[in-house]
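Asks: Quick one: the structure is below, and I'll ask about it shortly.
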Amino acid sequence: MQQQNLFSQSADRPLASRMRPQSLEEFAGQQHLLGKGKILRQLIDADRVSSMIFWGPPGVGKTTLARIIANRTKASFIDFSAVTSGIKEIRGVMEQAENNRRFGERTILFVDEIHRFNKAQQDAFLPYVEKGSIILIGATTENPSFEINSALLSRCKVFVLNALSADDLTALLRAALTDPRGYGGQKIVIADDLLERIANFANGDARTALGTLEMAVLNGSQEGDTTTVERSLLAQCVSRKSLLYDKSGEEHYNLISALHKSMRNSDPDAAVYWLARMLEGGEDPLYIARRLIRFASEDIGMADSRALQVAVAAYQACHFLGMSECDVHLTHAVVYLSLAPRSNAVYQAILKAKKDARERLAEPVPLPIRNAVTSLMQDLDYGKGYVYAHDTASLIGDMECLPDSLQGVRYYLPGEQGSELRAKQRLEAVRAWKQARREKKPQPPET
């Protein structure tokens, strides 16, 4: 367990460090895990913690919770950083833990940012977790399903820590103004609504909230022994929110899913909000535009073929202009797609056809629709029976284009939304015409 030195409580330390909770009673939020009767609270109180992963966004208390466990446990506690450690350091720690086990002492190993370890480094923990040499507690901001080896993950209980609510953060800020570790020994004047503004700006992150308060106090107006935080000053401190967004991680997929599903649900307000979240988080506008093009055919299709044109035009506008000018073009497309009539018939058609293409016998192309480009092909009846549709009065050729085993199969089943109703009526007329022609054809005699 780490020892505190004479200067560990120095006022020179950042406010967030000074206000770090020392007990579960001081810990903000996470009542779904730490409330009375909750499993994690019981494990900590009974000093019976097992290997676990704390997963949550930055500033919600993952490391703090591990340190509270360190203060309450009778086990040896080792604090380990994935940022500065490699295989050599892991092996050294494991040897120490193995020696502790031989003497009947448990070892809790806390690994901060465990997702930064590669597969080989994570594998180094596995045998020691399996035989009980260590109790592993990992902290990560990334989805463990993606970032933690499945073998290691299966031996750990995952606890999800949620972003702190605005109320939690406001209470934390008020405590910092009165606690001796914070500004309890100073006279700080700041309006309640400004504390609430900081809490909203912090976006669930306690470090950000306390850091913003500290910046505001350090730059506040001094009059005698009183520091006043003015509204104009705070406006500068909270001028731009840092949004949690990893363009290659889980939040990337969560937000594009939210945008897609909001459009599918005909909710332009929600769709525009999620679009803004992605753009403010630094997402490539061309990526968003590509997803809109996909949506236009997958979810709208023939119900409004102009949707595809709008989406492609938005992509071109993004390519020409880039950010930030192209945000309005993306918004134009998102609103259009949200309000367009819906049909997934085109999407369902290709899914079913691809399934048949994979699973059924790859039959040869019917002779009438083969291309006879050589005399040999002509001698083999390539193209025989082909009807050039433009030469017929109905502009339809009476011939089968599917292989024998698939004749009669229907892939495209149009709905009745928007323009697709006309497509459905046209398709029904074509099929009725072909059926009538077949019924008039003389059938070969039975043998």
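Asks: Under 8 Å for C-alpha pairs, at least 6 residues apart: give me the relative contact order for segment 247-312, rounded to a whole percent.
Replies: RCO, segment 247-312: 25 percent.
Asks: Now for a separate question. Going by amide H atoms built from the backbone, whose H comes under 5 Å of the H on Ile53, apart from near neighbours?
Replies: It is Gly138, Lys157, Val158, Phe159, by chain and number.
Asks: Identify, among Met215, Asn371, Val238, the residue whose Cα sits farthest towards the positive end of the charge dipole of the chain, taking +1 on the Cβ of Lys and Arg and -1 on the Cβ of Asp and Glu, with the dipole about the Cα centre.
Replies: Result: Asn371, furthest along the dipole toward the positive end.
Asks: Okay, next question. Round to the nearest 10 and give me the degree value, 0 to 90, for the angle of helix 420-440's Cα axis relative to the longest principal axis of the chain.
Replies: Once rounded, one gets 30 degrees.
Asks: Pick from Ala171, Ala333, Ala362: which residue has the top mean-square fluctuation in a GNM of the chain where Cα pairs under 10 Å get a spring?
Replies: The residue with the greatest mean-square fluctuation here is Ala362.
Asks: Can you pull the one-decimal nm distance between simple spin-label points at Glu223 and Glu428, each 7 Å off the Cα toward Cβ?
Replies: 7.9
Asks: Further, regarding this structure: Accessible area per residue for the chain in Å², computed with a 1.4 Å probe and the full protein assembly in place, what is it? Mind showing how you got there, number by number?
Replies: Numbers: 25320 Å² over 447 residues.
Ligands and nucleic acids excluded, the result is 57 Å² per residue.
Asks: Using the Cα atoms of segment 132-177 to build a convex hull, what is its mean projected area in square nanometres? List each step's numbers first, then the result.
Replies: On the way: hull surface 19.8 nm².
Mean projected area of the Cα convex hull: 5.0 nm².
Asks: Taking Cα atoms, how many degrees apart are the long axis of helix 250-264 and the longest axis of the chain, rounded to 10 and kept between 0 and 90?
Replies: 50
Asks: Let me ask something additional. At a Cα cut-off below 20 Å, give the lysines reachable from Lys88, other chains included and same-chain residues fewer than 8 away excluded.
Replies: Counting by Cα, and skipping residues close in sequence, Lys88 has these lysines nearby: Lys119.
Asks: Where does the charge balance sit around Val217 when Lys and Arg score +1, Asp and Glu -1, over other residues with C-beta under 15 Å from its C-beta?
Replies: Within the 15 Å Cβ shell, the charges total +1.
Asks: Note down the relative contact order for the chain as a percent, whole number, built from C-alpha pairs under 8 angstrom at least six residues apart.
Replies: The value is 11 percent.
Asks: Note down the nm distance, to one decimal, between modelled labels 7 Å out along Cα→Cβ at Val387 and at Ser150.
Replies: 5.3
Asks: Per residue and in Å³, how big is the convex hull formed by the alpha-carbon atoms of the chain?
Replies: It comes to 271 Å³ per residue, whole-number rounded.
Asks: Once both labels are modelled 7 Å past Cα along the beta-carbon direction, what's the Gln42-Ser375 spacing in nm?
Replies: Label at Gln42, label at Ser375, 8.9 nm between them.
Asks: As I understand it, the value is the acute angle between the Cα axis of helix 306-321 and the longest principal axis of the Cα atoms of the chain; what does it come to in degrees, rounded to 10?
Replies: Here the helix axis deviates by roughly 50 degrees.
Asks: Checking the a/c ratio against 1.5 first, then a/b against b/c, what shape does the Cα gyration tensor give for segment 222-371?
Replies: Because a/c hits 1.5 or more and a/b exceeds b/c, segment 222-371 counts as prolate.
Asks: How much of the calculated P(r) for segment 123-251 lies past 26 Å, in percent of all Cα pairs?
Replies: In whole percent, the share of Cα-Cα pairs in segment 123-251 beyond 26 Å is 43.
Asks: Determine the shape class of segment 392-433: with a ≥ b ≥ c the square roots of the Cα gyration tensor eigenvalues, call it rounded for a/c under 1.5, and otherwise prolate if a/b is greater than b/c, oblate otherwise.
Replies: Because a/c hits 1.5 or more and a/b fails to exceed b/c, segment 392-433 counts as oblate.
Asks: Then there's this: Using only the Cα atoms of segment 357-416, what do you get for the radius of gyration and for Dmax, in Å?
Replies: Calculated on Cα positions, Rg and Dmax stand at 14.4, 47 Å.
Asks: Considering the chain as a Gaussian network with a 10 Å cut-off on Cα pairs, which listed residue, Glu113, Glu363, Glu147, attains the greatest mean-square fluctuation?
Replies: Glu363
Asks: In whole Å, how far is the Cα centre of segment 188-213 from that of segment 52-123?
Replies: If we compute the Cα centre of each part, the gap is 31 Å.
Asks: Okay, moving on. Could you give the semi-axes, largest first, of the ellipsoid that matches segment 290-398, computed as the square roots of 5 times the alpha carbon gyration tensor eigenvalues and rounded to whole Å?
Replies: 41, 17, 16
Asks: Per-residue ellipticity at 222 nm for the chain, helices alone: DSSP H runs ≥ 4 residues times -39500 (n - 2.57), over residue total, nearest 500 deg cm²/dmol? Mind dumping the intermediate values first?
Replies: On the way: 20 runs with 215 residues, N = 447.
Roughly -14500 deg cm²/dmol at 222 nm, from the helical runs in the chain.
Asks: Okay, next question. Kindly point out, ordered by number, any Cys in the chain whose beta-carbon has no other cysteine beta-carbon under 4.7 Å away.
Replies: For the chain, the answer is Cys156, Cys237, Cys401, because their Cβ atoms have no other cysteine Cβ under 4.7 Å.
Asks: Along the charge dipole of the chain, which of Met94, Leu173, Gly282 sits closest to the positive end, that is, farthest toward it, with unit charges on the beta carbon of Lys, Arg, Asp and Glu (+1, +1, -1, -1)?
Replies: Met94
Asks: Given segment 12-125, what whole percent of its Cα pairs are spread farther than 25 Å?
Replies: Within segment 12-125, distances greater than 25 Å cover 28 percent of Cα pairs.
Asks: Could you compute how fast segment 156-222 diffuses translationally, taking Rh as the Kirkwood radius over C-alpha pairs and applying Stokes-Einstein at 10 °C with viscosity 1.306 mPa s? Give it in µm² per second.
Replies: 126
The values are calculated or read from the model by the stated rules, or taken from the named source; none is laboratory data. As the structure is a computational prediction, the values presented were derived from the model and not from experiment. Note that we place each Cβ from the backbone using ideal geometry, even for glycine, and neighbour counts take in every protein chain shown. Ligands, DNA and RNA are stripped out before the accessible areas are found, and what is left, the full protein with its side chains, is counted by its heavy atoms. Shrake-Rupley method; radii C 1.70, N 1.55, O 1.52, S 1.80 Å.
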